[in-house]
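Visitor: Have a look at this one.
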Amino acid sequence: MTRHQDPKGVVHGESPRDLPRGAGIVVIGGGINGLSTAFQLAKRGVREVVVLERRHLGSGATGKSGALVRCHYANVPEARLTHESIRIFRNWNDEVGAGSPDFTSIGFVQVVAPEHEDRLRQNVADQQAIGIETRVVNREELQEIDPHLYTGDLTVAAYEPGSGFADPNATLHGFARAAKDLAVRLFEETPATSIQTSGGRVSGVETPFGRIATDTVVVAAGSWADRLLTPLEIDLGLQPVRTQVVVFRWPPQLEGRGHRVVIDAINHSWLRPEGVKSTLIGAERSVLTADPDVLDESVDAAAIPVSRQALAARYPVFANAVMRGGWSGTYMRSPDGHPIIDQIPSLPGLWVMAGDSGTSFKTAPAIGICLAEWIVDGAPGLVDLTPFRASRFAEGVPWLDALSYGDDRQLTVSR
């Protein structure tokens, strides 16, 4: 078995020629959720864990992620997942023990329109009740926290001083290295072409390089998940969506000061520092369904002025900012915009993490623990995953946030 990593800490998979004929558990998807789950399974003593990645590790949504790490949601379950995950980001050496997520806790601000002030206050109170470090701040306090941030269109905002962002690829490869150190086998350029069943339960996974016999499969395949589930007559209403981000250079006024991470529900955007003296923003409003296999990874010309306008609306110093780059990626959207994390009742042995609508980077450390607990112990213990059940659509009760800020997840970028 060939196992190696380059000096920068990038982990490489084994050759598909070495694919085993059997495995204890097969995880489909070499993104952060798949690798977090594989690591946690091995950490709990599971042997013969195999991860299959159709391209290379992090080539899907993880590598394109904005990688915001914040707890503010308009619901408690997702906030709780991030709260548990931040503990891992902050204590990476003890919790994972390989690599580093490069977590940068520069503070996070949630901006909402004045008519949603009561909702924001209730969300903050709910988050404080489960131990999240967050508070409501007024315009004067915001000016002290971030002097360049425009506050004339709001009354209050939520502020998380210990939140921020991470490096998505560094985080991913930290999990990958830790998993390999525990004998997890990683295979790149090895797509799962189908999930096999026998006697009404999972029996194996087919690949172009042969079949792996197994009675347990975790589908964390991102924008490719529906291709594996549909042939099993499992229709979760999943849809891959193309999304774009644009990077702008900092104006001189920001040098030496920078700015906080912001989600702006007024201007339908999210933004954070990127690299040295640049800012990354997602600000599109259109839904662009996409085939992830033929993705145009560039940025549409029309997205640039829209992004600059949204950025300048919150930080006026960016009004004439120079665009320096950007990219496009895809994420898988569920019908209600919330993740599906479940053991599929109709097919024993099949677990699914899908439809996160681009928000599961920050929650992946906790999701990996929950899925490993479920598979090994029979139930997730860290967080109650009932709200994330796949059956909610068949039950006619899609997950709607009563305390949302009016931004339909199907129409805006959400990180």
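The values are calculated or read from the model by the stated rules, or taken from the named source; none is laboratory data. Note that the structure is predicted; figures quoted are calculated from it, not measured. Every residue, glycine among them, receives a Cβ derived from its backbone with ideal geometry; neighbour counts consider all protein chains shown. Ligands, DNA and RNA are stripped out before the accessible areas are found, and what is left, the full protein with its side chains, is counted by its heavy atoms. Shrake-Rupley method; radii C 1.70, N 1.55, O 1.52, S 1.80 Å.
Visitor: Per the Kirkwood definition applied to all pairs of different Cα atoms, how many angstroms is the hydrodynamic radius of segment 212-304?
Guide: 16.6
Visitor: Rank these by accessible area, largest first, 1.4 Å probe: R139, R90, R333.
Guide: In descending accessible area the options line up as R90, R139, R333.
Visitor: Let me ask you something else. Share of segment 72-188's accessible area from carbon and sulfur, percent, 1.4 Å?
Guide: 41
Visitor: Related question: Could you report the accessible area of R55 in Å², rounded to 10, computed with a 1.4 Å probe on the protein chains as they sit in the structure?
Guide: R55 has an accessible surface of roughly 70 Å² with all protein chains in place.
Visitor: Hey, another quick one. Give me the accessible area per residue for the chain, probe 1.4 Å, as a whole number in Å².
Guide: The answer is 38 Å² per residue.
Visitor: Order the following by accessible area, largest value first: Y150, Y159. Probe radius 1.4 Å; ligands, DNA and RNA are ignored.
Guide: Greatest to least solvent exposure: Y150, Y159.
Visitor: If every alpha-carbon in the chain counts as one equal scatterer, what log10 I(q)/I(0) does Debye give at q = 0.07, 0.08, 0.14 1/Å?
Guide: Treating every Cα as an identical point scatterer, log10 I(q)/I(0) equals -0.31, -0.41, -1.26.
Visitor: Quick check for me: using +1 on Lys/Arg Cβ and -1 on Asp/Glu Cβ, what's the dipole size of the chain about its Cα centre, in debye to the nearest 20?
Guide: Once rounded to the nearest 20, the dipole reads 800 debye.
Visitor: Working out 0.36 nm times the residue gap between D377 and R17, then minus their Cα-Cα distance, what length gain in nm do you get to one decimal?
Guide: Difference between extended and current length: 126.3 nm.
Visitor: Please identify, among G275, G204, G174, the residue showing maximal mean-square fluctuation in a Gaussian network model of the chain using a 10 angstrom Cα cutoff.
Guide: G275
Visitor: Please give, to one decimal in nm, the separation of the simple spin-label points placed at A319 and S391, each 7 Å out from Cα toward the Cβ.
Guide: The modelled label-to-label distance comes out at 5.7 nm.
Visitor: Can you give the convex hull volume of the alpha carbon atoms of segment 59-131 per residue, in Å³?
Guide: 120
Visitor: Mind jotting down the distance between the C-alpha centroids of segment 290-331 and segment 121-179, whole Å?
Guide: Cα centroid of segment 121-179 versus Cα centroid of segment 290-331: 23 Å apart.
Visitor: Pairs of alpha-carbon atoms within less than 8 angstrom and 6+ residues apart define the contacts here; what relative contact order does segment 90-174 have, in percent?
Guide: 48
Visitor: Take every DSSP beta bridge with both residues inside the chain and express the antiparallel ones as a percent of the total, to the nearest 5.
Guide: In the chain, approximately 70 percent of DSSP beta bridges are antiparallel ones.
Visitor: Additional query: Over all directions, how big on average is the projection of the convex hull of the alpha-carbon atoms in segment 1-136, in square nanometres?
Guide: So the mean shadow area of the Cα hull is 10.6 nm².
Visitor: Would you work out which of G258, T243, H268 lies farthest towards the positive end of the dipole of segment 228-290, given +1 charges on the beta-carbon of Lys and Arg and -1 on that of Asp and Glu, about the Cα centre?
Guide: Of the candidates, G258 comes out farthest on the positive side.
Visitor: Determine the dipole magnitude for segment 60-104: charges of +1 sit on the beta-carbon of Lys and Arg, -1 on that of Asp and Glu, nothing else is charged, the reference point is the Cα centre, and the result goes in debye to the nearest 20.
Guide: 140
Visitor: Would you mind working out the magnitude of the charge dipole of segment 275-415 relative to its Cα centre, with +1 at each Lys and Arg C-beta and -1 at each Asp and Glu C-beta, to the nearest 20 Debye?
Guide: 660
Visitor: Please compute P(r) over all alpha-carbon pairs of segment 289-412, binned at 10 Å starting from zero, and give each bin as a whole-number percent.
Guide: Whole-percent P(r) values from 0 Å outward: 10, 30, 30, 19, 9, 1.
Visitor: Let me confirm the definition first: pairs of Lys residues in the chain, 8 or more apart or on different chains, C-alpha distance under 20 Å. How many are there?
Guide: 5
Visitor: As I understand it, the dipole of segment 1-150 uses +1 on the Cβ of Lys and Arg and -1 on the Cβ of Asp and Glu, about the Cα centre. Which of F89, N75, T37 lies farthest toward its positive end?
Guide: Value: T37.
Visitor: Let's test the formula: R0 of 25 Å, r as the Cβ-Cβ distance of S194 and D291. What FRET efficiency results, to the nearest 0.05?
Guide: Working from the Cβ atoms, E equals 0.85.
Visitor: Explain nothing, just the number: relative contact order of the chain, from Cα pairs under 8 Å at least 6 residues apart, as a whole percent.
Guide: Relative contact order comes out at 23 percent.
Visitor: When N counts the residues of segment 128-276, how does its alpha-carbon radius of gyration compare numerically with 2.2 N^0.38 Å, as a ratio?
Guide: For segment 128-276, the normalised Cα radius of gyration is 1.55.
Visitor: With all protein chains present and a 1.4 Å probe, how do T207, T155 order by accessible area, largest first?
Guide: T155, T207
Visitor: Suppose R0 equals 35 Å. What FRET efficiency, 1/(1 + (r/R0)^6) with r the Cβ-Cβ distance, do Q122 and D235 give to the nearest 0.05?
Guide: 0.50
Visitor: If you don't mind, there's one more thing I want to ask. Would you mind telling me the share, in percent, of accessible area of segment 267-401 contributed by carbon and sulfur at probe 1.4 angstrom?
Guide: 55
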